[in-house]
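The values are calculated or read from the model by the stated rules, or taken from the named source; none is laboratory data. All values derive from a computational prediction rather than experimental measurement. Reconstructed Cβ throughout: ideal geometry from the backbone, glycine too, with neighbour counts over all protein chains shown.
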Number of protein chains: 4
Amino acid sequence: MEVTPADTLEIKQQLADAIRMLARAEIVDHSGHGSARRDGNSFFVNSGASTRGTLTADDIVAVDLDGRLVDGAARPPLEFPLHAEIYRTRPDVHAILHTHPRWSTVLTSVGAPYQVVCAQGALLGDVPVFDSPLSVNTREMGQQVAAALGRGSAVLLKSHGAVITAANVVECFALAAYLEENALRQYHAMQVGTPYVFSAAEQQIFRERLATPGLFKKTWDHYFSKL
Amino acid sequence: MEVTPADTLEIKQQLADAIRMLARAEIVDHSGHGSARRDGNSFFVNSGASTRGTLTADDIVAVDLDGRLVDGAARPPLEFPLHAEIYRTRPDVHAILHTHPRWSTVLTSVGAPYQVVCAQGALLGDVPVFDSPLSVNTREMGQQVAAALGRGSAVLLKSHGAVITAANVVECFALAAYLEENALRQYHAMQVGTPYVFSAAEQQIFRERLATPGLFKKTWDHYFSKL
Amino acid sequence: MEVTPADTLEIKQQLADAIRMLARAEIVDHSGHGSARRDGNSFFVNSGASTRGTLTADDIVAVDLDGRLVDGAARPPLEFPLHAEIYRTRPDVHAILHTHPRWSTVLTSVGAPYQVVCAQGALLGDVPVFDSPLSVNTREMGQQVAAALGRGSAVLLKSHGAVITAANVVECFALAAYLEENALRQYHAMQVGTPYVFSAAEQQIFRERLATPGLFKKTWDHYFSKL
Amino acid sequence: MEVTPADTLEIKQQLADAIRMLARAEIVDHSGHGSARRDGNSFFVNSGASTRGTLTADDIVAVDLDGRLVDGAARPPLEFPLHAEIYRTRPDVHAILHTHPRWSTVLTSVGAPYQVVCAQGALLGDVPVFDSPLSVNTREMGQQVAAALGRGSAVLLKSHGAVITAANVVECFALAAYLEENALRQYHAMQVGTPYVFSAAEQQIFRERLATPGLFKKTWDHYFSKL
């Protein structure tokens, strides 16, 4: 599958919009990054130095899985191996977001496992925790994160952030928002009691019903309206 | 009672404004919905796919109590039975809002009953909890929610959201805001002690004095000024 | 002391600005009110129906201490006796704000006394609590609140709100902001430990140094810049 | 090292921007202040009366280490000795910010030591607490704060605020933001468990990798985009 010039522009704009929306929602801070698969051996990603809150398509470059620039002039983020190693091992993944979300990260800081406490939270399934707060800036660490992710949709990085994967940028954005919304509700419930954790059957129902392009797009449009 | 074209336009605009204001206040997220009775057998409701934060009167359709479109072209929300079954059993209800409020929902997540801890909170009276987090997307579930609501003004849906009913859209909006404001105060008080719960006599006084069209309109105007 | 027409306009504008700033800071909700003494027997106050977030000088009326309109056409708030009875017993008071602040009120909800935990908080001194959540809408209740206030600067109303008094509107605004800022810090400290309470000597130093027109005006300008 | 007129204008603008950004982030309130070294015996600082949220280069004056005006007409903050005594004892320091951050200060209020719980937090190193809530408005107190700071980057003032020092204004701003971000995460983690504290080795890695002009500038640009 080769991306056409028109595809390229659309994907760059989607990535820029996704990261801008996450910055506005304070799920991405000054140093989060997002990517979209370009082909079997390369991906688009926002440059390391770009300003997340005002990102445009011009801030998106493309690199191959070894980090060599194949489109654009600016350098990719130092953590590009996080993206590369997941794309290498997960051909089904076409978009990845690396966020620094407040509530999801607080859970990892105290060792509390992510639990499904609201409907959208079920779409993430089990969310493992990568047990190191260090930056994912080597191929070896990228491989370890990819291994921790396994076949799942997301992995939390202890006291650091989150990695969310999906079949496209819109879905990936929605899942990134759902992950943090669920964590927010879990965290606040934990302060005053024990939150109700959805049963396996309930989670299954929501995974079947809420994982639709229409609902992902609606979530996207909702956040876009806040820009 | 038949609604005239002028009524129709006003009601559509009121619904759109109510949902926009609740989205701004983060009481409605990407998927809340609101309705207003059209006649004995139909109601207005925002379309399922509409963007809540930028809703206009054009996003409001009308469906009969079985979900068949009678005005507009877009599909109603999948949870339309929630509205339909309440309108069927409660002829006094002319407006319904289904919100996803943070603090009210956290209370249901930990099994803490809603308690009246501020003046406006008294207007909701007792607020039962519907004991399922699943979407209310069948007639049977709609009937169960309507039964849980009974003769009351509001019902909470466990780990999911809230349903607020009233004689008109403005009052319904005000009650939706009051419910969450009371829950916010209850939640935060619970973190540092035991909140003072208003006595039955105090609650009665506030129900008599604060349930006026003028105060509901003032609440509406206050939130409208924040748009 | 008679107020001139120019004074009148300035005071009305100050009141409108003070309430708008407190609404923006969510210290005043849809129903807070503020007043300024007009002469020995009357005061300016925002009308009961006015929209707090968009208040203008035209929303300010004047009433005598029995609530009879002496300037303007709109009705004063139902709680005007709160203002009237304080003006009657405290000739030194020239401005009163009645707010509905979140954190100060949560403290009263759980019975935790206001404690001075930051510099500006010392300017309020001891803050008594009026032990009723009911509206202050009769002369008798106004007298009780005035008695609870005594010679102090502020009194909290249990599970309801706050009343702040001062020699002028600018100072009154600053104290209203300081009260809630101190309560916010006290509340959040209480969640993770026992906050350090300023010693009597420390409080005295801050009362002497921070109670200056220049600092009150700077606080006013700071909030004004957020409008 | 003498600063040229062009340097002067740039430094004044940087100081004004840094304080405006911190005011927007609610890390500086109506009375925080910031300074930049001018030469061995003087520094730039925002005037005491200036409005922090709308600061411009015109609000920046220069004073010598004894507080005498050497540029501009407005008075420096009463706490200028805080700046002067640090500049006197730390020739490596070229910028100082005095903030009133919510979460960092709550930690001092309950006696909880600052702990490194996120990557950027490591850049502050150990953060001592100056054990007095009083204003730093005498040479003696300035000396005591300078002594508490020692060779470090930051010192917290009990129940009062923070002092952050750096080699330039951009770095100083970034450290001020990191300090509060780390405190926010520490505070929220403490509410539901025991936060993971970074090991000495992990802290060392982040101090080596994250203390770069590029990352400080990226943090600056991120906050600037929110103005």
| said: Restricting to the stretch D:89-127, give me the number of residues that are within 29 Å of C:GLN120 (Cα to Cα), surrounded by 17 or more Cβ atoms within 10 Å (Cβ to Cβ) and not hydroxyl-bearing (Ser, Thr, Tyr). | reply: 16
| message | I'd like to check something: does the stretch A:102-110 contain any residue that is in a loop (DSSP other than H, G, I, E, B) and farther than 17 Å from A:GLN143 by Cβ? | response | yes
| Going through the stretch A:214-227 one residue at a time, which ones are modelled with pLDDT of 95 or more and more than 7 Å from every other protein chain (Cβ to nearest Cβ)? | A:LEU215, A:PHE216, A:LYS217, A:TRP220, A:TYR223, A:PHE224
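Quick grid of which residues meet (1) under 22 Å from B:ALA62 (Cβ atoms); (2) more than 11 Å from every other protein chain (Cβ to nearest Cβ):
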| position | (1), (2) |
| --- | --- |
| B:ALA84 | yes, yes |
| B:VAL93 | yes, yes |
| B:PRO113 | no, yes |
| B:CYS118 | no, no |
| B:LEU124 | no, yes |
| B:PHE130 | no, yes |
| B:ARG139 | yes, yes |
| task | Assess whether A:ASP39 counts as being of a type in the set (Asp, Glu) and free of Cβ contacts under 8 Å to residues at least 60 places away in the same chain. | result | yes
| task | Hey, could you check the stretch B:170-198 for residues that are at the interface with chain C (Cβ under 10 Å from one of its Cβ atoms) and among the polar types (S, T, N, Q) and say which is nearest to the chain's Cα centre (by Cα)? | result | B:GLN186
| said: The conditions are (1) outside any helix (DSSP H, G or I); (2) under 17 Å from D:VAL169 (Cα atoms), and D:GLU10 fails exactly one of them. Which is it? | reply: (1)
| note | Selection over the stretch B:113-131 where residues are within 16 Å of the chain's Cα centre (by Cα) and in a helix (DSSP H, G or I) yields a count of 5
| message | Which count do you get for residues in the stretch B:189-211 that are free of Cβ contacts under 8 Å to residues at least 40 places away in the same chain and among the hydroxyl-bearing types (Ser, Thr, Tyr)? | response | 2
| Residue match in the stretch D:143-150 (condition: part of a loop (DSSP other than H, G, I, E, B) and surrounded by 17 or more Cβ atoms within 10 Å (Cβ to Cβ)) | no
| Selected residue (only one of C:HIS160, C:HIS94 is closer than 26 Å to C:SER42 by Cα and within 12 Å of the chain's Cα centre (by Cα)) | C:HIS94
| Residues located in the stretch C:9-32, provided they are within 12 Å of chain B (Cβ to nearest Cβ) and touching a residue at least 24 places away in the same chain (Cβ under 8 Å) | C:ILE19, C:ARG20, C:ALA23, C:ARG24, C:GLU26, C:VAL28, C:ASP29, C:SER31, C:GLY32
| task | Quickly run through the stretch C:188-198 and pick out the residues that are in a helix (DSSP H, G or I) and crowded, with 20+ Cβ neighbours inside 10 Å. | result | C:HIS188, C:ALA189, C:MET190
| request: Could you tell me whether D:ASP59 is touching a residue at least 12 places away in the same chain (Cβ under 8 Å) and over 16 Å from D:LYS12 (Cβ atoms)? | output: no
| query | Quick one: A:ARG102 ticks every box in (1) closer than 22 Å to A:ILE19 by Cα; (2) without any contact (Cβ under 8 Å) to a residue 12 or more places away in the chain; (3) not small (Gly, Ala, Ser) bar one, so which box is it? | reply | (2)
| query | Which residue out of D:ALA167, D:ALA211, D:ALA201 is surrounded by fewer than 23 Cβ atoms within 10 Å (Cβ to Cβ), more than 28 Å from D:GLN13 (Cβ to Cβ) and either at pLDDT 95 or above or facing another protein chain (nearest Cβ under 9 Å) (or both)? | reply | D:ALA201
| Residue match in the stretch C:74-81 (condition: closer than 30 Å to C:LEU215 by Cβ, surrounded by 17 or more Cβ atoms within 10 Å (Cβ to Cβ) and either more than 14 Å from every other protein chain (Cβ to nearest Cβ) or β-branched (Val, Ile, Thr) (or both)) | no
| said: Among the residues in the stretch D:8-19, are any within 21 Å of D:TYR223 (Cα to Cα) and of a type in the set (Val, Ile, Thr)? | reply: yes
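Every residue, every condition in (1) of a type outside the set (Phe, Trp, Tyr); (2) in a helix (DSSP H, G or I); (3) at pLDDT 95 or above, yes or no:
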{"residue": "C:ALA6", "(1), (2), (3)": "yes, yes, no"}
{"residue": "C:SER35", "(1), (2), (3)": "yes, no, yes"}
{"residue": "C:ARG38", "(1), (2), (3)": "yes, no, yes"}
{"residue": "C:ASP58", "(1), (2), (3)": "yes, yes, yes"}
{"residue": "C:ALA62", "(1), (2), (3)": "yes, no, yes"}
{"residue": "C:VAL70", "(1), (2), (3)": "yes, no, yes"}
{"residue": "C:LEU82", "(1), (2), (3)": "yes, yes, yes"}
{"residue": "C:GLU85", "(1), (2), (3)": "yes, yes, yes"}
{"residue": "C:LEU97", "(1), (2), (3)": "yes, no, yes"}
| field | Sole exception among (1) assigned to a loop (DSSP other than H, G, I, E, B); (2) without any contact (Cβ under 8 Å) to a residue 12 or more places away in the chain; (3) small (Gly, Ala, Ser) for C:GLY214, by number | value | (1)
| field | Selection status of C:PRO91, touching a helix residue (DSSP H, G or I) at 6+ places or on another chain (Cβ under 9 Å) and under 27 Å from C:ARG151 (Cα atoms) | value | no
| Does D:GLY67 qualify as being over 15 Å from the mean Cα position of the chain (by Cα) and among the small types (Gly, Ala, Ser)? | yes
| query | Picking from B:SER35, B:SER104, B:SER42, which residue would you name as being within 20 Å of B:ALA177 (Cβ to Cβ) and away from chain A (no Cβ under 14 Å)? | reply | B:SER35
